[in-house]
Amino acid sequence: MAINVIDKIKCTGCCACMNSCPTAAIKMEMDEAGFGYPKVDTNLCINCEVCERVCPIDKEQQTVDSSPEVYAAWSMNPEVRFKSTSGGMFSELAYAVLQLGGVVAGAVYRSDNLVEHVIVTDAKGIDRLRQSKYLQSEIGDVYKQIKTYLGDGVYVMFVGSPCQVAGLKSFLRKDYEKLITVDFICRGMNSPKAYRYWLNDLEERYNSKVTNVWFKYKKHGWKESPRCTKVTFENGKECILDADKNSFMRGYLDGNLYLRPSCSDCQFKGIARRSDITLADFWSIPKKLDDDKGTSMVLINSEKGRNLFGKIKDKMFYYQRSFEEVSKGNVCFRESAVINPKGEEFLGRLGEKKFDHLVREYAPISLKKGVRRELSRIKRYLLRKIDWGRR
């Protein structure tokens, strides 16, 4: 029997079923919240049940090392580090795979500023994959492309959310020595619909199409970057949205307004990772090692991950750290986000009023919290000034 009853609290939209269907009977259909779910064309379905077998939900999967090595690290290349979400470890790992004659699969912005997974073969392609995108990407047929590359003996590095890594491995149904998987500590997948409404309001305000979105822009330093986004427009204008003015990140970080339902009970968290390497921001990095330019937290989960990490050690600064520091600075390593019970209502009202006005209604910021954030931001700014003055 084919997948035809979808539990939205469980389905992650990983696309393993769609990529596995031998008759292409499954397509991802967007629901009213903008999330993709599998839809079966009964005229094409042959009831082979492959889709049921490859679905990674509620199934035992082979995990890797239960006691991973932990590092704080950052690239020696200052440009790579600045343009990266944290310390630039993804870029250095990706460059190493290219040097092996391999390819890298990850998320890029499309021309409409939504996100999809693609496979790149050169350094220019790595530039497109770099940085956090903060919304769910469309996998398309990337899993099938990866299988072809692996069948031809080519190294492949796949970078995606933990559920996407699980989806890829379920689709492949066997381990490949030349496949290296990299996931990240995920807080949850945001609705492409909410993201598009946010961009629509910005395009109306600046009377121009958005050409680039740079989440976690480090203008004010790495610590401030989660709430700082740089948006560039076709007419040459740009805006920098930070702190409480960044309505999209406010709705995400403060309101939990547009997370995928399955993110409320994620099955792919914790120490039993499916990936060879896990990346994140190392928020609990000791002050003596922190220059506020971005530090990656790196978990080495397998021997394949260890070997690849070893190939880039001359490209980075790194310090072995304790596993306890990971959970301390990254709550979502083990815990799922609590989705706002009014999130569905919020998504249903998109377009009723300006996006930022709607976010303020559903995720209000108290005067006390706003003042505290601003004082904290000023304090960090002054400390950076003092620190740079001493150098």
* To do: Over the chain, calculate the relative contact order: mean separation of alpha carbon pairs under 8 Å at least 6 apart, over the residue count, as a percent.
  => 21 percent
* Would you mind getting me the FRET efficiency between Ile365 and Asp265? Use the beta-carbon distance for r and R0 = 30 Å, nearest 0.05. => 0.65
* Taking the convex hull of the Cα atoms, report for the chain its projected area averaged over all directions, in nm². => 19.9 nm²
* Whole number in Å², please: accessible area per residue of segment 168-306, 1.4 Å probe, ligands, DNA and RNA not counted. => 37 Å²
* Length released on extending from Glu238 to Phe82, taking residue separation times 0.36 nm less the Cα-Cα span -> 54.3 nm
* Structure fact -> Taking Cα pairs closer than 8 Å and at least 6 residues apart, the relative contact order of segment 68-148 in percent is 24 percent
* Structure fact -> Sequence order, segment 110-125: Karplus ³J(HN,Hα) from phi using 6.51 cos²θ - 1.76 cosθ + 1.60, θ = phi - 60°, Hz rounded, Gly and Pro as x, gives 8, 5, 8, 6, 7, 10, 9, 8, 9, 10, 10, 10, 8, 4, 4, x
* Asked: What list of ³J(HN,Hα) values in whole Hz, one per residue of segment 352-363 in order, does the Karplus curve 6.51 cos²θ - 1.76 cosθ + 1.60 (θ = phi - 60°) give from phi, with Gly and Pro shown as x?
  -> 6, 8, 4, 4, 5, 5, 5, 4, 4, 6, 9, 9
* Asked: What number, rounded to the nearest 500 deg cm²/dmol, is the helix-based mean residue ellipticity at 222 nm of the chain, given -39500 (n - 2.57) per DSSP H run of at least four residues and division by all its residues?
  -> -9500 deg cm²/dmol
* Asked: Can you put Asp276, Asp31 in order of accessible area, largest first, using a 1.4 Å probe?
  -> Asp31, Asp276
* For the pairs Lys269/Lys313; Lys193/Lys218; Lys237/Lys353; Lys287/Lys311; Lys10/Lys59, note any where the Cα-Cα span goes beyond 18 Å. => Lys269/Lys313; Lys193/Lys218; Lys237/Lys353; Lys287/Lys311
* How much FRET efficiency would the formula 1/(1 + (r/R0)^6) give for Lys287 and Asn307, where r is the Cβ-Cβ distance and R0 is 22 Å, rounded to 0.05? -> 0.10
* Return P(r) of segment 43-115 (all Cα-Cα pairs; 10 Å bins starting at 0; whole %; ordered from short to long distances). => 14, 21, 32, 23, 9, 1
* Asked: Asp58 to Asp152: FRET efficiency via 1/(1 + (r/R0)^6), r the Cβ-Cβ distance, R0 35 Å, to the nearest 0.05?
  -> 0.60
* To do: Give the Rg/Rh ratio for segment 177-219, taking Rg as the radius of gyration of the Cα atoms and Rh as the Kirkwood radius, to two decimals.
  => 1.16
* Asked: Of all the accessible heavy-atom surface of the chain, with the other protein chains kept in place and a 1.4 Å probe, what percent is carbon and sulfur?
  -> 51 percent
* Non-local amide H neighbours of Lys218 (under 5 Å, H modeled in plane, Pro and chain starts lacking H): which ones? -> none
* At most 14 other Cβ atoms within 10 Å and a DSSP loop assignment: could you name the trypsin sites (Lys or Arg not before Pro) in segment 9-53 that fit? => Lys10
* To do: Would you calculate the separation in nanometres between label points at Ser327 and Asn200, each defined as 7 Å from the Cα along the Cα-to-beta-carbon direction?
  => 4.3 nm
* To do: Determine the distance separating the Cα centre of segment 10-44 from the Cα centre of segment 189-205; give it in Å without decimals.
  => 24 Å
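The values are calculated or read from the model by the stated rules, or taken from the named source; none is laboratory data. Here the structure is a predicted model, which is why all the values come from computation and not from measurement. In this analysis, Cβ positions are derived from the backbone assuming ideal geometry, glycine residues included, and neighbour counts consider all displayed protein chains. Note: accessible area is taken over every heavy atom of the protein model, side chains too, but ligands, DNA and RNA are not part of it. Shrake-Rupley method; radii C 1.70, N 1.55, O 1.52, S 1.80 Å.
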